[in-house]
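Working notes for the structure below.
The values are calculated or read from the model by the stated rules, or taken from the named source; none is laboratory data. Since this is a predicted model, take the numbers as computed values, not measurements. In this analysis, Cβ positions are derived from the backbone assuming ideal geometry, glycine residues included, and neighbour counts consider all displayed protein chains.
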Amino acid sequence: MKIHPIVKETAAILARAGKQAYLVGGAVRDLLRGRKAKDWDLATDALPEEVVALFHKKKGLGSFVIPTGIKHGTVTVHFKGLAMEVTTFRSEFGFSDRRRPDRVEFGDSIEVDLSRRDFTMNAAAYRLPSGPLVDPFDGRKDIKKHLIRSVGKPDERFSEDGLRPLRALRFASQLGFTLDGELRAAISGAIPYTAEVAPERVRDEIDKILATDSPSTALLLMEKTGLMELLIPELAACRGVRQDRNGYGFHRFDVLDHSLLACNFAARDFSNYEVEKPSDSQTRLVRCLAALYHDIGKPVTAQMGEDGGWTFYRHEKESAKLARAILSRFRYPNIVIDRVCHLVEEHMFSYTDSWTDAAVRRFVIRAGEENLSDLFALRRADIYGMAGREPKWDTLLPLHNRIEEVLARSRALSLKDLAVSGNDLISLGISPGKTIGIILNELLEAVLEDPDLNTKEKLVEIARRKWLIIHLSGSELKV
């Protein structure tokens, strides 16, 4: 196994203190799969306070320790720029809150420590620095078989933490593994446990599902096991909602399958972009969430037309409303909620060459120039979800080019872009108040229709006329 040199140094420090050190968890699983390890977790017979004493602010080591879960034996060691979770061998007893053990006993056996873990693929340990592999539950064999199997009885593991069923489905998407039959059967019975899990923890697991290359793998399993009905009933309601016209039309799939395909495409489509900034991970999440929920209002708005086809009038409004409720339920940050719901509400644009320049400018204002790349990504995902076929590379190119052409001629898209301000109107003798806002908005409308009007002289003249009409009428214009 290719172990990070700093991990080996950490283990050597523990060894010099007479303590064992094992690599555990996802790092062992990834290395056994022939993949590069990302997270380095260690298990040791050293007590938490002994680990702190060995690594906390040691001169020359460049190390410090954060007591992330010291009550349960876990500290995070930062050593030479690498963060490692180090946990004392332990046994766990009682899970009254369906998340954390009521009582922890520290021990000296790696085998006992591994027995408390969730799945066999996560229950192997590698003795540092050079082995052997300790694998009491045949995790290596299950990894080779691409199988997710529980350590011990799955219903017992699920009763300890109701998030584990959803975690199993996430691994299915993330790793391309299948569920052991007994484990899959136990998920439906564990729904009461999952119902007790905090919304934030469910959200984090859903985010990890959406971060995989094939979110639909886990989402379909959520549907089949009953977890979708429990956690996202609005999405489950999309099953069986047809979108065709007497068996024909643009849509081949019902709303749920369409949404899952769109979500898959959004996840893959983002991989074409170079990820460099922390905000990019949020953008990827926003696009996947928008693709997943963009049609979630169709079951509510579905109506059969006279031609035998289904219509979903203003479903984008209902979808945005339901998406906001779902995202709020899972306690997403407001910035994520607002971005997703805005994309969902604006996804039903339909460009033709007959659009005037003013119509293009109004589209940019409504969508927000900063949101155009996300909105176009959602449209590509939506098109893919209709028939499961890649959209043509130039599908949105005419609109993209038209926007660039129009904005090159004029970027006056908001009140701040006007050649006059509220103070300019006040200097004309217009009283401060609602009337100034009304006149400024009318000036913006005029400039959207004819950008050549955006000079101070022309706008002042228009404003004078507007004010004269208001003044002569003897009353304020109504908004």
Go through (1) out of contact with any Ser or Thr (no Cβ under 6 Å at 6 or more places or on another chain); (2) in a loop (DSSP other than H, G, I, E, B) for LYS8 and report which single condition fails. (2)
Among the helices (runs of 4 or more DSSP H) lying completely within the stretch 299-404, list those that include at least 2 residues that are within 30 Å of GLU196 (Cα to Cα). 315-329, 334-346
Inspect all residues belonging to the stretch 196-206 and state whether any of them is outside the structural domain of GLU390 (by TED's automatic domain parsing) and more than 21 Å from ARG324 (Cα to Cα). yes
Determine which member of the set VAL344, VAL406, VAL360 is surrounded by 17 or more Cβ atoms within 10 Å (Cβ to Cβ), in contact with an Asp or Glu (Cβ under 7 Å, 6 or more places away or on another chain) and more than 16 Å from ALA291 (Cα to Cα). VAL406
Out of the residues in the stretch 47-84 meeting the condition of being out of contact with any His (no Cβ under 9 Å at 6 or more places or on another chain) and in contact (Cβ under 8 Å) with a residue 60 or more places away in the chain, tell me which one is nearest to LEU14 (Cα to Cα). PHE79
Where in the stretch 158-227 are there helices (runs of 4 or more DSSP H), lying wholly inside it, with at least 1 residues that are in contact with a strand residue (DSSP E or B) (Cβ under 8 Å, 6 or more places away or on another chain) and closer than 20 Å to ALA266 by Cβ? 164-175, 215-225
Could you tell me which of the residues LYS153, LYS145 is under 26 Å from ILE3 (Cβ atoms) and either surrounded by fewer than 22 Cβ atoms within 10 Å (Cβ to Cβ) or assigned by TED's automatic domain parsing to the domain that holds SER115 (or both)? LYS145
Within the stretch 64-74, is there a residue that is of a type in the set (D, E, K, R), under 28 Å from LEU163 (Cα atoms) and touching a strand residue (DSSP E or B) at 6+ places or on another chain (Cβ under 9 Å)? yes
